[in-house]
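What follows is a short report on a single structure.
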Amino acid sequence: MIARGWMAWTFPVALFFWVIASLLTLFTILAIRFPETPRMGILRIETTRGDRLFISLLGSAFICLGWLFFAGPPLWWGLALCLVYAAAVFRWV
């Protein structure tokens, strides 16, 4: 951690932000390289890859907060649930 820092910059925190930045970069490259037409899923709204990424990240944040509230700090099973949720969003939304 950084002394007198405003945030606990540990390896997991840095890895989290690195993964988010990498996903945004990857999806930008994919959108430029392979443009797609929006598709309609079970929510009955047109979504693109970026929309589904946003929905999965937002839902994953709520899943993790709920996991911490109901189950406590070991978040590995909550992360596994987030991955299943993200796969479902990308498949059916």
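The values are calculated or read from the model by the stated rules, or taken from the named source; none is laboratory data. Only a predicted model underlies this, so the values are computations on that prediction, with no experimental measurement involved. All Cβ positions, glycine included, derive from the backbone under ideal geometry; neighbour counts span all protein chains shown. Side chains are part of the model used for accessible areas, which takes the heavy atoms of the whole protein and leaves out ligands, DNA and RNA. Shrake-Rupley method; radii C 1.70, N 1.55, O 1.52, S 1.80 Å.
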Condition test on I55, is it within 16 Å of V89 (Cβ to Cβ), part of a loop (DSSP other than H, G, I, E, B) and without any contact (Cβ under 8 Å) to a residue 60 or more places away in the chain?
no
Can you find a residue that is open to solvent by less than 70 Å² (accessible area, probe 1.4 Å) and in contact (Cβ under 8 Å) with a residue 40 or more places away in the chain anywhere in region 31-43?
yes
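Pick out the one residue from T47, T25 that is of a type in the set (S, T, N, Q) and open to solvent by 60 Å² or more (accessible area, probe 1.4 Å). Give the steps one after another, and end with the answer.
Numbers: T47 fails: open to solvent by 60 Å² or more (accessible area, probe 1.4 Å).
Only one candidate qualifies: T25.
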